[in-house]
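*Asks:* Can you keep this structure in mind? I'll have questions shortly.
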Amino acid sequence: MSDEKSFHMTSDEFRRHGHAVVDWIADYRDRIESFPVLSQVKPGEVRAALPASAPLHGEPFAALLKDVEKIILPGVTHWQSPNFFAYFPSNNSAPSILGDLLSSGLGVQGMLWSTSPACTELETHVLDWLVPMLGLPEKFLSSSTGGGVMQDTASSAVLCALLAGRERATSFTSNEKGCDGRLIAYASTQTHSSLEKAAMITGIGRTNLRLIEVDKDFAMRPAALARQIETDKSAGLIPCFVCATVGTTSSNAIDPVPQIGRICRQHNLWLHVDAAMSGTAALCPEFRHIHNGVELVDSYCFNPHKWMFTNFDCNCFWVADRKALIRTLSIQPEYLRNQATESGAVIDYRDWHIQLGRRFRALKLWFVIRHYGVEGLQYHIHRHVQLARQFADWVKNDDRFKLAAPVPLNLVCFRHKGGDAVNQTIMECLNHSGDLYLTHTKLDGKLTLRLCVGQTNTQERHVERAWRRIREEAEKAAGLA
Ligand SMILES: Cc1ncc(COP(=O)(O)O)c(C=O)c1O
């Protein structure tokens, strides 16, 4: 043994500091309601508290944790606070944190089956579990023609879907020759901006993304889609892809997938369903209708990292025809060749997404499903929807406010009748107070407040308090207006 200093943390130190970190996280979870939900720091404040250059000499671990408390924590917006009602949830849970920690501890890179068989096989298995759990079609099972894969985000999933749709429509020639500007993709005006980005990246082009009008409930009008496809075909263009959304970001609208699916079948277009947040609701039989028509789609994704108690990042993406996806994304450099791949008996997930390397994401989702069981997950999702509906009733029964969209699940879009400026003031005052955090959108051209119930620990008392605080700020804002 050499006496040379290794600089590494010893196993004993790791054990000690590891316990301290787990204790810190447990304490953080216990005291989370004492922090302002939205970080109150000003731009540059976090950096100003950090030394200008990296330390030459290593520092004691206690100093690191101290700075997390002193410098980092004030700059954190507390997504795990039960008073977080903004955007969409990005929730976690204790089993998920522990699963993620194990994934870091194992530190495997699962680009190929052979680079860590458990990483691939657990992922395939958990994604197969989820198919019946969510009422998805059997064609998504790995034992059928399709299969599931974990992506980092819904943005990556829609990019892969659009690439596969592009390739299928061009008999797999656009990967070779590029696009000639005639391929057209479709989505509603309410579709998440990740599709616009995917249109840019895939070479489809932003102007070849048709945004189809929506009905009064902000769901895509299938007749308008059909008309636009016919118009484009008549002009010599090549429709290739439609994205339908189950639970739009702005208002939680649910596109009519059965009708859209039939149109896509008729014209042989790739249909992707983005159910980023709302797909989780289908765990409950009473909300499974949101998946009506999914038997007609080519691909589907949802984010357990939004509403299913699994920390970021964790997107589940399924395709009906895995061969089309693999043919779209597969490349075979010599240095990745191995016997297992050549045998054809294994899945190599590197061919199912953009990047090569991949972490062991399935562990945290496996832990979540096994810890809660299906009944535990259903209990919390059902409860969140109940709380959102209760809040919507309060809004409906207060004649100063009105609902701005239907409330199919856990998102309530509403506004004070006093106009945009009053709503803006209410939101800013609430967020500045640190008591809760909510965000806005525009519906029918009007500023609309969004209250999304989905944080793991949100209970009735949090939603009640949010409503009380909203009314308090509304009184002040209406008085000023
Ligand atoms: C409907 C929908 N799709 C996609 C996304 C993007 O999610 P991600 O961050 O996983 O790419 C969101 C996020 O708000 C969303 O609401």
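*Asks:* Anything in the stretch 383-405 that is surrounded by fewer than 15 Cβ atoms within 10 Å (Cβ to Cβ) and touching a helix residue (DSSP H, G or I) at 6+ places or on another chain (Cβ under 8 Å)? List them, or say none. Don't jump to the end; show me each part of the working.
*Replies:* Initial filter on the stretch 383-405 (surrounded by fewer than 15 Cβ atoms within 10 Å (Cβ to Cβ)): 386, 393, 396-397, 399-400, 402.
Within the stretch 383-405, R400, K402 qualify.
*Asks:* From the list P55, P117, pick out the single residue that is more than 16 Å from the ligand (Cβ to nearest atom) and surrounded by 13 or more Cβ atoms within 10 Å (Cβ to Cβ).
*Replies:* Result: P117 is the single residue among P55, P117 that is more than 16 Å from the ligand (Cβ to nearest atom) and surrounded by 13 or more Cβ atoms within 10 Å (Cβ to Cβ).
*Asks:* Scan the stretch 265-272 and tell me whether some residue there is free of Cβ contacts under 8 Å to residues at least 60 places away in the same chain and within 16 Å of the ligand (Cβ to nearest atom).
*Replies:* Checked the stretch 265-272: at least one residue is free of Cβ contacts under 8 Å to residues at least 60 places away in the same chain and within 16 Å of the ligand (Cβ to nearest atom).
*Asks:* Scan the stretch 239-252 and tell me whether some residue there is in a loop (DSSP other than H, G, I, E, B) and more than 15 Å from the ligand (Cβ to nearest atom).
*Replies:* No, that holds for no residue.
*Asks:* So if I check each of C160, C179, which one is part of a helix (DSSP H, G or I) and either farther than 30 Å from G205 by Cα or not assigned by TED's automatic domain parsing to the domain that holds I381 (or both)?
*Replies:* It is C160.
*Asks:* When only residues in the stretch 189-229 that are assigned to a loop (DSSP other than H, G, I, E, B) and either among the hydroxyl-bearing types (S, T, Y) or in contact with a His (Cβ under 8 Å, 6 or more places away or on another chain) (or both) count, which is nearest to I254 (Cα to Cα)?
*Replies:* Across the stretch 189-229, the extreme among qualifying residues is T191.
*Asks:* Taking S6 and the conditions (1) under 28 Å from F414 (Cβ atoms); (2) at pLDDT below 95; (3) surrounded by fewer than 16 Cβ atoms within 10 Å (Cβ to Cβ), which numbered condition does it fall short on, given that it satisfies the others?
*Replies:* The single condition S6 does not satisfy is (1).
*Asks:* While we're looking at this one, here's another question. Going by the structure shown, is G110 touching a helix residue (DSSP H, G or I) at 6+ places or on another chain (Cβ under 9 Å), crowded, with 18+ Cβ neighbours inside 10 Å and closer than 18 Å to V374 by Cβ?
*Replies:* Details: touching a helix residue (DSSP H, G or I) at 6+ places or on another chain (Cβ under 9 Å): yes; crowded, with 18+ Cβ neighbours inside 10 Å: yes; closer than 18 Å to V374 by Cβ: no.
Here the answer is no, as G110 does not meet what is asked.
*Asks:* Given the criteria more than 16 Å from the ligand (Cβ to nearest atom), hydrophobic (A, V, I, L, M, F, W, C), in a helix (DSSP H, G or I) and surrounded by fewer than 18 Cβ atoms within 10 Å (Cβ to Cβ), does L127 qualify?
*Replies:* no
*Asks:* V422 fails exactly one of the following numbered conditions: (1) in a helix (DSSP H, G or I); (2) surrounded by fewer than 19 Cβ atoms within 10 Å (Cβ to Cβ). What is the number of that condition?
*Replies:* Going through the list (1) in a helix (DSSP H, G or I); (2) surrounded by fewer than 19 Cβ atoms within 10 Å (Cβ to Cβ), V422 breaks only (2).
*Asks:* Right, another one. Only helices (runs of 4 or more DSSP H) wholly contained in the stretch 39-118 count here; list those with 3 or more residues that are hydroxyl-bearing (S, T, Y).
*Replies:* In the stretch 39-118, the matching helices (runs of 4 or more DSSP H) lie at 94-106.
*Asks:* Assess whether V368 counts as being assigned to a helix (DSSP H, G or I), away from the ligand (no atom under 16 Å from the Cβ), of a type in the set (A, V, I, L, M) and surrounded by 15 or more Cβ atoms within 10 Å (Cβ to Cβ). Write out each step before concluding.
*Replies:* Working: assigned to a helix (DSSP H, G or I): yes; away from the ligand (no atom under 16 Å from the Cβ): yes; of a type in the set (A, V, I, L, M): yes; surrounded by 15 or more Cβ atoms within 10 Å (Cβ to Cβ): yes.
The answer is yes for V368.
*Asks:* Give the residue that is farthest from A154 (Cα to Cα), with candidates limited to residues of the stretch 329-344 that are part of a helix (DSSP H, G or I) and in contact with a helix residue (DSSP H, G or I) (Cβ under 9 Å, 6 or more places away or on another chain).
*Replies:* Taking the stretch 329-344 as the starting set, the residues that turn out to be part of a helix (DSSP H, G or I) are 329, 334-336, 339-343.
So of that shortlist, the ones also in contact with a helix residue (DSSP H, G or I) (Cβ under 9 Å, 6 or more places away or on another chain) come out as 329, 336, 339-341.
Details: L329: 17, L336: 27, Q339: 32, A340: 30, T341: 28 Å.
Ranking the candidates gives Q339 first.
*Asks:* Looking at (1) under 26 Å from G279 (Cα atoms); (2) more than 16 Å from the ligand (Cβ to nearest atom); (3) surrounded by fewer than 24 Cβ atoms within 10 Å (Cβ to Cβ); (4) not hydroxyl-bearing (S, T, Y), find the lone condition where E196 falls short.
*Replies:* All conditions pass for E196, except number (2).
*Asks:* Please verify whether C264 is touching a helix residue (DSSP H, G or I) at 6+ places or on another chain (Cβ under 6 Å) and either closer than 20 Å to Y300 by Cα or not hydrophobic (A, V, I, L, M, F, W, C) (or both), treating the condition exactly as stated.
*Replies:* Working: touching a helix residue (DSSP H, G or I) at 6+ places or on another chain (Cβ under 6 Å): no; either closer than 20 Å to Y300 by Cα or not hydrophobic (A, V, I, L, M, F, W, C) (or both): yes.
So C264 does not fit the description; no.
*Asks:* Kindly provide the set of residues from the stretch 425-461 that are of a type outside the set (V, I, T), surrounded by 18 or more Cβ atoms within 10 Å (Cβ to Cβ) and assigned to a loop (DSSP other than H, G, I, E, B), ordered by number.
*Replies:* D435, L436, L438, G454, Q455
*Asks:* Another question, then. Does the stretch 454-468 contain at least one residue that is modelled with pLDDT of 95 or more and farther than 19 Å from P36 by Cα?
*Replies:* yes
*Asks:* Go through the stretch 309-340 and report how many residues are modelled with pLDDT of 95 or more and touching a Phe, Trp or Tyr at 6+ places or on another chain (Cβ under 8 Å).
*Replies:* Going through the stretch 309-340 one residue at a time, the tally reaches 13.
The values are calculated or read from the model by the stated rules, or taken from the named source; none is laboratory data. Since the model is a prediction, treat every value here as computed from it, not as a measurement. As a convention, Cβ positions derive from the backbone with ideal geometry for all residues, glycine included, and neighbour counts pool all protein chains shown.
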